[in-house]
Each structure stands twice: as structure tokens, then as C-alpha cells.
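Enquirer: Structure in C-alpha cells, see below.
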Amino acid sequence: MNFETVKEGPLMGQLVRLPCNGPSVRVHELEWQKRGLSYTASGYGAKIPTRYMVRTIDQKWRRVYCAIFSNIGTTYVVHGNQKTIVEVNL
């Protein structure tokens with residue numbers, strides 16, 4: 001997922017998401033993921049780390065997190081103190 005800072009208008013200064021796939025996305029599993037374990041006992045939470053990382057506009061690789069409280073989740077990255085929703089298309 002690529003990000004672009006808005007240059008003008010009501011969203012000026014905010015990061016927005018752009019479609020992304022290929023070299024801007026990579027799989028980087030954590031140890032508990034390699035062992036097939038869940039991050040929480042229930043599998044639900046506000047900041048569950050996923051196996052994906054994306055390169056943001058500042059060229060840093062950032063972990064994709066998932067907020068999941070039912071049978072659906074929302075994936076996002078944290079950029080500074082701002083959360084931005086992402087869609088990882090592999």
C-alpha cells in the first residue's frame with residue numbers, strides 16, 4: 001500500500017491510501033505466527049499484528065495491524081500517531 005500526502009483541499013496534510021501490490025508488500029511472519037498460534041486467546045482485539053508489512057511514502061516498512069471484534073476485521077498501519085486503513089492485494 002502506497003501513501004500520498006494530500007497537497008490541497010479539506011484533507012491537506014493527511015495521508016491517503018493508494019492501491020498497492022507487488023514490491024510494496026511483503027510477508028514477514030512473527031515467531032508466534034510461524035508456530036500457528038493466535039495473538040490473543042479469543043483471536044479478537046484492536047491491534048492484532050498481521051503477517052504483512054507495507055512500504056509507506058517515507059520508504060519505511062510498517063507492520064499491518066488488524067482490528068477484529070466479530071467475523072470481520074479492518075487492516076491498518078500506524079504512521080506517526082495516525083492510523084490509516086490499508087487493503088493488501090497480493
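Since every read-out is calculated from the coordinates, none of them should be taken as a lab result. Because the structure is predicted, anything quoted here is derived from the model rather than measured. Positions of Cβ are backbone-derived with ideal geometry, glycine not excepted, and every protein chain shown enters the neighbour counts.
Enquirer: Within 10 Å of each residue's Cβ, count the other Cβ atoms and sort Arg55, Arg35 from fewest upward.
Expert: Arg35, Arg55
Enquirer: Right, next: Label-point separation (nm) for His79 and Gln33, each offset 7 Å from Cα along Cα-to-Cβ?
Expert: 2.0 nm
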